[in-house]
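To start, the structure itself, in C-alpha cells.
The values are calculated or read from the model by the stated rules, or taken from the named source; none is laboratory data. Quantities reported herein were computed from a predicted structural model and do not represent experimental measurements. Every residue, glycine as well, gets a Cβ built from its backbone with ideal geometry; the counts of neighbours run over all protein chains shown.
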Ligand code: SAM
Ligand code: SF4
C-alpha cells in the first residue's frame, strides 16, 4: 500500500509513532525542585509557536496516523487563549485521545471547558498531600489550588484522571501509601515517576534523592496485593491494580525499566523544536519550516516523515552523572 493510502510514521527501528506531546509554554506558576531552577530564564514570547501554528503542525501528525496528543508545558493552562487550541484539536477528525498534563492550579477555572473541548484524560502532578511540603517541593505553590483543581476535574467525569508523583528519598517517600489511598478514595489512577536528570535545578541533589520504582512497588505491596495489568494508556507507565478498587497504580521507570523499545512518541517544544527522544538532542526546527512555508503543508509533511530517520534508539539517563541533557523538563514538555 502506498504511503498516501496508509500514512504512518515508522522509525528505523520499526517503531510506529502514534503519540505526539506538545509543550505550549516553558513558563509555569510553580518551580518544582526536580524540574526548574529558582531563577529560570524563559523564552521570549515571540519565539513561541503561535496557537495556529501548533494546530497546523498537529493536523499533519493526525493525518499521518497520530491518534493521541498530549498538551503539556511548563504549565499549559497558563498560556493565553490556550482553550482555542484545545477546541481546534478536539474537532480534529482521526484524533482519538486528547489529553493534558497540568499542575492543577487552574483546573477549577478550566475543567469544564476542557471537557467540552473534547479532552478525554487529565494528568495532574501532585507529589505530596501536605501543604508545607507542597510549598517546599514547588517552592511557591499553594496545595489548596491543586487539590480543588483535582476535585473540579473529578466532578466533570473525564474518562480517566491520573496523578503523577515524582518520588524522592527524604522528600516525599514516606507518603507513597497516603497517595495510593488518596487516589483509591476518588477512583482515579496514579503513576509513580523516577526522577530524570534533565537540566540543572539548583540545590536539589538527584543522586541522593533517587528512589527506584521497585522500591516504591515494594512499599505498596506491603499493604496491598497488586495485580499486574496488561493495560496501557499509550505511554511509558507499567500498571497494576488492587483487587478491591478501580484505581490503577503505574510506574514510569526510565532508570530501572527502560521503556525505549516500545517508544511510540515524539515531542514538540514550545518554540517548535521537534524532539525525537526525551533523553537525546536529535531534533528538527519545525518553526522554521512552518514560517518558511506559511500556506503550503507539503514541505512540513515531508519533514515530519523524514524526521523518523533521526529518531534515536533510546536515552542514556544516568542519575549519578551531571545532567547530560541541559534542557529542563519544562522546556521539553513532560
Ligand atoms: N506543569 C505540568 C505538570 O507539572 O504536570 C506539565 C509539565 S511537567 C514538566 C510534566 C511532568 O513532568 C510532571 O508530572 C512532572 O512531575 C514531571 N517532571 C518534571 N521534571 C521531572 C524530572 N526531572 N524527572 C521526572 N519527572 C519530571
Ligand atoms: Fe511547573 Fe510542572 Fe515543572 Fe512543576 S513540574 S515546575 S508544575 S512545569
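Could you list, in sequence order, all residues of the range 188-211 that are within 21 Å of the chain's Cα centre (by Cα) and surrounded by fewer than 18 Cβ atoms within 10 Å (Cβ to Cβ)?
The answer is 200, and nothing else.
Which residue, of 48, 30, is touching a helix residue (DSSP H, G or I) at 6+ places or on another chain (Cβ under 6 Å), within 16 Å of ligand 2 (Cβ to nearest atom) and farther than 28 Å from residue 260 by Cβ?
Values: 48 fails: touching a helix residue (DSSP H, G or I) at 6+ places or on another chain (Cβ under 6 Å).
30 is the lone residue from the list that is touching a helix residue (DSSP H, G or I) at 6+ places or on another chain (Cβ under 6 Å), within 16 Å of ligand 2 (Cβ to nearest atom) and farther than 28 Å from residue 260 by Cβ.
Exactly one condition in (1) within 11 Å of ligand 1 (Cβ to nearest atom); (2) buried (at least 20 other Cβ atoms within 10 Å of the Cβ) is false for residue 119; which is it?
All conditions pass for residue 119, except number (1).
Looking at residue 58, is it surrounded by 22 or more Cβ atoms within 10 Å (Cβ to Cβ) and without any contact (Cβ under 8 Å) to a residue 60 or more places away in the chain?
Criteria met by residue 58.
Which residue out of 229, 209, 247, 213 is over 29 Å from residue 79 (Cα atoms) and out of contact with any strand residue (DSSP E or B) (no Cβ under 7 Å at 6 or more places or on another chain)?
209
Counting only residues that are closer than 15 Å to residue 57 by Cβ and either without any contact (Cβ under 8 Å) to a residue 24 or more places away in the chain or out of contact with any helix residue (DSSP H, G or I) (no Cβ under 8 Å at 6 or more places or on another chain) (or both), how many does the range 292-318 have?
Residues flagged as closer than 15 Å to residue 57 by Cβ and either without any contact (Cβ under 8 Å) to a residue 24 or more places away in the chain or out of contact with any helix residue (DSSP H, G or I) (no Cβ under 8 Å at 6 or more places or on another chain) (or both) within the range 292-318 amount to 12.
I need every pair where a residue in the range 188-209 that is closer than 29 Å to residue 160 by Cα and modelled with pLDDT of 75 or more has its Cβ under 9 Å from the Cβ of a residue that is part of a helix (DSSP H, G or I) and within 8 Å of ligand 1 (Cβ to nearest atom), sequence separation at least 6 or different chains.
195/206; 196/206; 196/329; 197/206
Can you name every residue in the range 113-132 that is closer than 21 Å to residue 183 by Cα, out of contact with any strand residue (DSSP E or B) (no Cβ under 7 Å at 6 or more places or on another chain) and either more than 14 Å from ligand 2 (Cβ to nearest atom) or modelled with pLDDT under 95 (or both)?
Of everything in the range 113-132, those that are closer than 21 Å to residue 183 by Cα, out of contact with any strand residue (DSSP E or B) (no Cβ under 7 Å at 6 or more places or on another chain) and either more than 14 Å from ligand 2 (Cβ to nearest atom) or modelled with pLDDT under 95 (or both) turn out to be 115, 129, 130, 131, 132.
Is it the case that residue 74 is touching a helix residue (DSSP H, G or I) at 6+ places or on another chain (Cβ under 9 Å), within 16 Å of ligand 1 (Cβ to nearest atom) and at positive phi?
Working: touching a helix residue (DSSP H, G or I) at 6+ places or on another chain (Cβ under 9 Å): yes; within 16 Å of ligand 1 (Cβ to nearest atom): yes; at positive phi: yes.
Taking the combined requirement at face value, the residue satisfies it.
Residues being touching a helix residue (DSSP H, G or I) at 6+ places or on another chain (Cβ under 8 Å) and within 13 Å of ligand 1 (Cβ to nearest atom): count how many of those fall in the range 126-144.
5
Using the structure shown, decide if residue 36 is within 30 Å of residue 205 (Cβ to Cβ), buried (at least 21 other Cβ atoms within 10 Å of the Cβ) and out of contact with any strand residue (DSSP E or B) (no Cβ under 7 Å at 6 or more places or on another chain).
Yes; evaluated as a whole, the condition is true for this residue.
Could you check the range 8-41 and list, in sequence order, the residues that are under 24 Å from residue 68 (Cα atoms), more than 15 Å from ligand 1 (Cβ to nearest atom) and outside any strand (DSSP E or B)?
8, 9, 11, 12, 13, 14, 15, 17, 18
Are there any helices (runs of 4 or more DSSP H) wholly within the range 174-289 with 2 or more residues that are over 24 Å from residue 18 (Cα atoms) and within 16 Å of ligand 2 (Cβ to nearest atom), and if so which?
Those helices (runs of 4 or more DSSP H) span 206-209.
Do any residues in the range 32-52 that are in contact (Cβ under 8 Å) with a residue 60 or more places away in the chain have Cβ atoms under 6 Å from those of residues that are away from ligand 1 (no atom under 16 Å from the Cβ), where the two are at least six apart or on different chains, and which pairs are they?
Taking only residues 6 or more apart or on different chains, the pairs are 49/272; 49/287.
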